[in-house]
Amino acid sequence: MMTTAVENYPGFRDGIMGPELMATMRAQAERFGTEFVTGDITSVDLSGPPFTVSTSDDTYQTRSLIVSTGASARLLGLPSERQLMGHGVSTCATCDGYFFREKPIVVVGGGDTAMEEAIFLAKFASHITVVHRRDELRASHIMRDKALAHSKISFEWDSVIDEVNDTEKGVVTGVVTRNVKTGATKTLEVEGVFIAIGHTPNTKLFVDQLELDANGYIVPKGGARTSVSGVFAAGDVQDHTYRQAITAAGSGCMAAIDAERYLESLPEGKAVAVESRVA
């Protein structure tokens, strides 16, 4: 929903706009009788079954649950960054790199993800400037050495981005960087900004209820299963490696099949009364 053209989803030879792809998926699900309820989940109780999912307006009880809350890219916190998201600002090199052929771009970050994205984008961009707030990279030795040796990659050390230009034009024309040691600012003329400072899985609701790894991602227990029987996970909430629309869709299929098989395995005597709706 936050991207413009999606070029790497199977079946769309000429690409498709992100929101259009989501609307098409929703319409297909509705065709098979899916009921959609819009609301912010305020709490969950996985001590069942039945499991309880609560919003500010209603409570749902269910014998199975698929968690697909995703992961949110960490951003810089600039208003201009959000305004230009999908119009030159991106958080996914493999999704959007193709659009920056022979264009100068900036990659923000100093870890493995940032170096991987910079090296990948070097296949397309005319030049890449890595902006990093420290004077050395946090990336592993092999990724650091590859990036430092690449002829298309240069570095702005001890620097942060204070502004992304140009919201009035609606496209990225440059960034304003600031040296955190000297305070000096400069403008880099670039046409793309890739933010690679990590992702945060949306799992706060499930702390102390599902097994999470050190970074907060749901730990898979084979297929789409989680540490709680009857609860399944799909998409980026349990995947910190691939983070692609197609891999998320594939794991969604796995979760649906696992949930169906789980429900079919329940003895009829274990059927539970539900409050409001069955999810």
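The values are calculated or read from the model by the stated rules, or taken from the named source; none is laboratory data. All values reported here derive from a predicted model rather than from experimental measurement. Positions of Cβ are generated from backbone atoms using ideal geometry, with glycine treated the same way; all protein chains shown enter the neighbour counts.
Among the residues of the range 159-191, those that are surrounded by 15 or more Cβ atoms within 10 Å (Cβ to Cβ), more than 14 Å from Gln83 (Cβ to Cβ) and among the charged types (D, E, K, R) comprise Arg178, Glu191. Among the residues making up the range 218-254, a single one is among the aromatic types (Phe, Trp, Tyr) and at pLDDT below 95: Tyr242.
Inspection of the range 181-189 finds a residue satisfying the criterion of being of a type in the set (Val, Ile, Thr), modelled with pLDDT of 95 or more and not in a strand (DSSP E or B). Looking at the range 228-253, which of its residues are buried (at least 19 other Cβ atoms within 10 Å of the Cβ), more than 13 Å from the chain's Cα centre (by Cα), outside any loop (DSSP other than H, G, I, E, B) and in contact (Cβ under 8 Å) with a residue 40 or more places away in the chain? Residues satisfying the conditions are Val231, Phe232, Ala233. Of the strands (runs of 3 or more DSSP E) lying entirely inside the range 13-129, those containing at least 1 residues that are small (Gly, Ala, Ser) and more than 25 Å from Gln244 (Cα to Cα) span 41-45, 51-55. Look at the range 33-53: where a residue is charged (D, E, K, R) and a partner is surrounded by 13 or more Cβ atoms within 10 Å (Cβ to Cβ), sitting 6+ places away or on another chain with Cβ atoms under 6 Å, you get Asp45/Thr52.
Does Glu30 satisfy being surrounded by fewer than 10 Cβ atoms within 10 Å (Cβ to Cβ), farther than 26 Å from Gly170 by Cα and not basic (Lys, Arg)? No, not satisfied.
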